Structures are given as C-alpha cells and as structure tokens.
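Everything below concerns the one structure shown next.
The values are calculated or read from the model by the stated rules, or taken from the named source; none is laboratory data. What you see is a predicted model, and the numbers here were worked out from it, not measured in a lab. Neighbour counts run over all protein chains shown; Cβ positions are idealised from the backbone, glycine included. The area values use the complete protein model at the heavy-atom level, side chains included, leaving out ligands, DNA and RNA. Shrake-Rupley method; radii C 1.70, N 1.55, O 1.52, S 1.80 Å.
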Amino acid sequence: MNAPAPIHFHANVRRVVANPALRASFRGAMDFLMAKRAVQFPDADAFEALRTQGEQIRQHSLSRLPDLLELLETNLVRNGIQVHWAETPDEACRLIIDIAARAGGNLVVKGKSMVSEEIELNHALEAAGIAALESDMGEYIVQLAGEKPSHIIMPAIHKTKEEIARLFADKVPGVDYTDSVDELIQIGRRVLREKFRDTKIGLSGVNIAVAETGTLCLVENEGNGRMCTTVPDVHIAITGIEKVVDKLEQVPPLLTLLTRSATGQAATTYFNWISGPRREGGGELDGPREVHLVLLDNGRSGAYADARLRATLQCIRCGACMNHCPVYARIGGHAYGTTYPGPIGTIVSPHLLGLEASADLVTASSLCGACGEVCPVKIPIPDLLLQLRQQSQGHSAAPLLPGAGSGRKTLQSISYALFAWLYSRPSLYRLFSLAATRLRGLTPSWQGPWTHSRAALRPAARSLHERMKSRGGSPG
Ligand code: SF4
C-alpha cells in the first residue's frame, strides 16, 4: 500500500472559513444537535453514572480484546456467520470483492458504514467492475454529489435542502426540482427500493459485536440497514476489531448512550440483532443465505498496544465530540480531509494514517475540553491529543506511532531550544527582558500566520519583575 498522502488541513481550513454560508450551516446544525442531546440528559448525576458505566464496559472489553475477538469468532462461526480478518484496507477490500464475485453480483447496496469509507470500498468495488450504491439517505446524497461524508452520523449535514433539491433534479433521472423534504425522501426511497429488489449483496457496518452470543448489533433510523441485511442473498458486515463487547447485558447501556449522544433520541427507530443467516432447515423464509463479517485492524492493534493511547478504541462513534467542538463547528468535516473528522478524527487518524500524514490534525484543537466532557464513554480526548502532539514532535518514549517526530519544525525547535537555554540562566534572562521591553518599538508588525487574524505580539513596556517591584512586591 502507498504511504497516505499528507492532509492539507490549513489550506482546507482557509477555503472553508472564507465560505460564510457553509459556516452558518454548520453552526446551525451543531446548535440543533447539541440542544437535542441536552434534552436527553437532563440530570447531570444520572448522566455521569451512565457515562461511568459506559466507560467501564468499553475498558473491560479492551482489557480482554484478544480473548473476546477469539470468542466472538467462535460464536459467530457456530451461528453460521463467516469471519474474515483484514489487517489493511486493501485486504478488506479484496475480501469483500471476492465475496461479491463469488455471489455473482455486480451491485452492492450499502447501509451506513464508516469503516467502508475508511477503506474506500466504493472505489475498490468500482475498479473491480462492481457498482456500490449507498442506501442511507445522507450517504446517498453525498454519493450523488461525488463527495465524502462531512459528519460520521449525518454525512450530508453540510448541504442545504435547496442544494439537495438541485442535486436530485440534476442527477436522478425523471426528477423535477422540489425542495419539499418529504418529497425528496420519497424520491430517494423509490430509487433505493428498486435496487434492494435487484441486488444479491448487501453491506452494513456494525455498532456492537457481542462475543458471548456471536451477535452483531446495528442501529439505524431509516430501515435501509434492515433492508441491506435481510433482503439480498448475501450480507457482508464490516467493522473495526475494537467494536466487540463481552456480554449481551452490556449492550443496553452502550446503546442508550449512543443514540442519546448521537441524535438526541432515547432509541433509534430500528435496532437489528444479526445472529446468523436464514435457517432454511428451520423453516425461516427471510434473511440472507450467507452472512460474512470482515474484522478490520488498520492501525487499531497499534493503538491497543500503547497503554497511553488505548482509550482511543473506547469510541462508540456517536459524534457528540464533533457537535460540541468549537473547531469542527466552524470548519465542518471536509476540512479535516479524513474519514473521521472532528475530535475523534484527530485522535483516530494518526493510527490509521501515521503521524506524518496527520501531523496538522493533532494541532486542530483548542484543548477547551468540551469533547472530553460530552464523550459518553469518557475518552480523555484532550489528554490523548497532547500525547499525540508529543509524539508528533518526537518528544515521547516508545512505542511510537509511524511518523513520530515528523511534526517538528526546525525554526520552532531552535526557538524553544534558545528559550530553554535563556530561561535557565536568570541573569541573562533578566538582561534579555530589559532589552526586549526597552526595544519593543522595533517589534515587526508581521509575525507570520499569527498576524493573519491577530494583532502583532509585542513585549510589555515593563517586565513582570519591574511591575512587582514598583508595587512593593517580590517577583519570587
Ligand atoms: S470520542 Fe466519544 S464523543 Fe467522540 S464519537 Fe467517540 S464516543 Fe462519541
């Protein structure tokens, strides 16, 4: 596999912040989602207790990850589900293409799956002569537009209904412009129903995989997930290796945290338990004849191996950290240039892409802490970001992520080294402060990117020591 291309985060951000309509659209959408979530957690103590339970379940699962994955495989196979392991996105794509080819299908209808975005499955299928059709309405919209999702839960949240109306009129045969949301949904539904009838292969993600029973859990609101997993002859599920939990009883607390945090719903419209293919001998008339699960690593075992970064894998992909992030709310998902944007993306992407490609991303946070406070499974996102920043600068002990040290900039390193040298020599430092305060008029008005949107930094007229002395205090 080729090394991932560097992400041009700063250039992307400049483009987005110059688009006031897009910024207003994101701001409005994030405010809406935050308000909906807040209604679901009216009692701070109850929320905290539930978060603690969610955190414990995820930490317990990760502490037993290798064992649970083995148990999951054993029970899935016992249930008739075929299990495939993929270390890289290429391997995962190849596995899925092979399954599709064996099934004799030239169309895969997909339910929502961020992991399939992560492995760029649609491109791989297309290159193998197999069409991929997104059936989640948001994913269908971004696929029609030739774009990528801008949010992990609401892929088309960056689009206004007028933009969607124009898109449907341009791209869906026989459709006239309408900006009625109900009519747009009906149009999408009509197109997709036809495809569900015709396809042999459905693909979905997995929200939670239960090791003790070999069950795959899938939440959704549109019913398309249920169609993808039951109508076609072959169902392929794909997920990251971290999504496993030990016991069935651990599912309800995680689900309630997930749906409330993600969309502000006490429960989603559909909850699918997938526990095997159709049992024809048992007289079952519905369901796929084959069910496959592809378990993807793609850097996750590296995160698992580093105790400082393992908490990254606790994520249940609710998107709440994105909705509450002041950076994401201003720039939206596309600016990050990664499958997973926002705070969760800044801590996950370095594992998937290496630190060289994602060096800018780990700086894409004000460290205000909002993400960590709303995370339903208490992932300490700001702490993880600091860890990643240290690795990016090469200031961390092993184990290190690929690309560690690549974020280091020569001028920055020299400046910090000089400052450390000066600061550890009190007499010289005082002399420097005195000179800086007296010569402040010579400070340049242009100071690189800092002065793009801020006033130039100038030393104060008097140093702190002088000010304290003049008040009769001691600078210590
Ligand atoms: S990091 Fe936490 S808040 Fe963000 S998507 Fe994952 S579970 Fe949700």
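In region 330-476, with Lys and Arg counted as +1 and Asp and Glu as -1 at Cβ, which of these residues, G472, T338, P350, has the Cα nearest the positive end of the dipole, that is, farthest along it?
Looking along the dipole axis, the top candidate is G472.
Give me the distance between the Cα centres of region 415-429 and region 371-392, rounded to whole Å.
31 Å
To the nearest 20 Debye, how big is the dipole of region 236-339 about its Cα centre, given +1 on the beta carbon of each Lys and Arg and -1 on that of each Asp and Glu? Let's see the in-between values first.
Details: 11 positive and 9 negative charges, 76 e Å.
Magnitude of the dipole: close to 360 debye.
Using the Cα centre as the reference, give the magnitude of the dipole from point charges on the C-beta atoms of the chain (Lys, Arg: +1; Asp, Glu: -1; all else neutral), rounded to the nearest 20 debye.
The dipole magnitude comes to about 2700 debye.
When the accessible area of region 203-265 is split by element with a 1.4 Å probe, what percent falls to carbon and sulfur?
52 percent
Using a Förster radius of 51 Å, what is the FRET efficiency between R471 and R330 based on their Cβ-Cβ separation? Nearest 0.05, please.
E between R471 and R330, to the nearest 0.05, is 0.80.
Is there a pair in K247/K378; K36/K409; K36/K200 whose C-alpha atoms are over 32 Å apart, and which pairs would that be?
K36/K409; K36/K200
What FRET efficiency, computed as 1/(1 + (r/R0)^6) with R0 = 30 Å and r the Cβ-Cβ distance, is obtained for A128 and D45, rounded to the nearest 0.05? Let's see the in-between values first.
Details: r = 53 Å, r/R0 = 1.76.
According to the calculation, E is roughly 0.05.
Compare the Cα positions of P277, G202, A127 along the charge dipole of the chain (+1 at Cβ of Lys, Arg; -1 at Cβ of Asp, Glu; about the Cα centre) and return the one farthest towards the positive end.
Final value for the positive-end residue is A127.
Only helical DSSP H runs with n ≥ 4 go in: add -39500 (n - 2.57) per run for the chain, normalise by residue count and round the 222 nm mean residue ellipticity to 500 deg cm²/dmol.
Calculated from helices alone, the mean residue ellipticity at 222 nm is -14000 deg cm²/dmol.
What cysteines in the chain have no other cysteine with a beta carbon less than 4.7 Å from their beta carbon?
Lone cysteines by the Cβ rule: C93, C217, C228, C315, C318, C325, C368, C375.
Can you tell me how much longer the chain between T363 and R102 gets when fully stretched, taken as 0.36 nm per residue apart minus their C-alpha distance, in nm with one decimal? Working shown, then result.
Details: separation 261, 0.36 × 261 = 93.96 nm, distance 4.51 nm.
Computed gain between T363 and R102 is 89.4 nm.
Starting from 0.36 nm per residue, how many nanometres of slack lie between S415 and Y177 once their C-alpha separation is accounted for? Don't skip to the end; give the middle numbers.
Numbers: separation 238, 0.36 × 238 = 85.68 nm, distance 5.79 nm.
The span from S415 to Y177 would gain 79.9 nm if fully extended.
How much length is gained on full extension from R454 to R14, taking 0.36 nm per residue of separation minus their Cα-Cα distance?
Extra length from R454 to R14 when fully extended: 156.9 nm.
Relative contact order for region 199-277: what is it in percent, counting Cα pairs under 8 Å that are at least 6 residues apart?
RCO, region 199-277: 41 percent.
Please report the net charge: other residues with Cβ closer than 13 Å to the Cβ of E139, K and R +1, D and E -1.
Summing Lys/Arg as +1 and Asp/Glu as -1 gives -2.
So for the chain, taking the charge dipole from beta-carbon charges (+1 Lys/Arg, -1 Asp/Glu), which of G54, S180, G240 sits furthest toward the positive end?
Of the listed residues, the answer is G54.
Quick query: amide H of A132 versus all other amide H atoms, modeled in the peptide plane; which residues come in under 5 Å with a sequence gap of 5 or more or a different chain?
V108
Hey, what did the chain get for relative contact order, percent, Cα under 8 Å, at least 6 apart?
Relative contact order, the chain: 19 percent.
Straight-line reach only, C-alpha to C-alpha below 18 angstrom: list the lysines that K148 could link to, leaving out same-chain residues fewer than 8 apart.
K110, K112, K159, K161, K171
Can you compute the FRET efficiency between Y270 and Q186 using 1/(1 + (r/R0)^6), with r the Cβ-Cβ distance and R0 = 22 Å? Round to the nearest 0.05.
For Y270 and Q186, the calculated efficiency is 0.70.
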